[in-house]
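Peer 1: Below you will find the structure I want to go over with you.
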Amino acid sequence: QGQLVESGGALVQPGGSLRLSCAASGSISEIYTMRWYRQAPGEQREWVAQITPGGLTIYGDSVKGRFTISRDNAKITVYLQMNSLKPEDTGVYYCRATWLRNDYWGQGTQVTVSS
C-alpha cells in the first residue's frame, strides 16, 4: 500500500504565492507519475498538472504560466509552486500517484485565495 500526504495549503491574498508539497510513502516510488488536482466547492475535481518519473511536465490551461510542478525523487515528494494566485484557484488540492494499475490519492489540502 502507498500513502500520500499533502501540505502547504493556506489562506493567501490574490496575486500571492504558495507552495504545496505531497510526500509519498509505502509502495510509491520514483517510477510513479504524479499529478495535482483541485476541487472547488460545488464543482467537479479538475486536473491541474502532471510530472512523469523523468520530469516531463504538462499543465491545465487555467494554470499554465502560473503554476510549476516539480519532484524530488530522492524524497519521493512532489511540489506545486503556485504564483499569481486568483480567487478562482480556491479549492482543495489533491495529489495522485499512478503506475500501471496502482492508483493512490492523498487526503487534500485547502487553498483559499481571498482578500
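Peer 1: What distance in nm lies between label points placed 7 Å from Cα along the C-beta direction at ARG19 and ASN73?
Peer 2: Distance between label points: 2.1 nm.
Peer 1: With +1 on each Lys and Arg Cβ and -1 on each Asp and Glu Cβ, how big is the dipole of the stretch 52-115 about its Cα centre, in debye rounded to the nearest 20?
Peer 2: Rounded to the nearest 20 debye, it is 140 debye.
Peer 1: Related question: Please report, as a whole percent, how much of the solvent-accessible surface of the chain comes from carbon and sulfur atoms (probe radius 1.4 Å).
Peer 2: For the chain, the apolar C and S fraction of the accessible surface comes to 49 percent.
Peer 1: Now for a separate question. Assign unit charges at the C-beta atoms only (+1 for Lys and Arg, -1 for Asp and Glu), then state the dipole size of the chain relative to its Cα centre in Debye, rounded to the nearest 20.
Peer 2: The dipole of the chain has a size of about 120 debye.
Peer 1: Once you keep just the Cα pairs under 8 angstrom separated by 6 or more residues, what percentage relative contact order results for the stretch 22-78?
Peer 2: 37
Peer 1: Order the following by accessible area, largest value first: GLU46, GLU88. Probe radius 1.4 Å; ligands, DNA and RNA are ignored.
Peer 2: Ranked from most to least accessible, the order is GLU88, GLU46.
Peer 1: Using a 1.4 angstrom probe, figure out how much accessible area the chain has per residue, in square angstrom, rounded to the nearest whole.
Peer 2: With the other protein chains kept in place, the chain gives 52 Å² per residue.
Peer 1: If packing is taken as the average count of other Cβ atoms within 10 Å, what order do 89-95, 52-58 fall into, highest mean first?
Peer 2: My ranking of the peptides, most packed first, is 89-95, 52-58.
Peer 1: So what is the relative contact order for the chain, in percent, with contacts set as C-alpha pairs under 8 Å and at least six apart?
Peer 2: 37
The values are calculated or read from the model by the stated rules, or taken from the named source; none is laboratory data. Just so it is clear, the structure is predicted and the values come from calculations on it, not from any experiment. Glycine also receives a Cβ, built like all others from the backbone with ideal geometry; neighbour counts cover every protein chain displayed. In case anyone asks, the SASA skips ligands and DNA or RNA and just uses the protein heavy atoms, side chains included. Shrake-Rupley method; radii C 1.70, N 1.55, O 1.52, S 1.80 Å.
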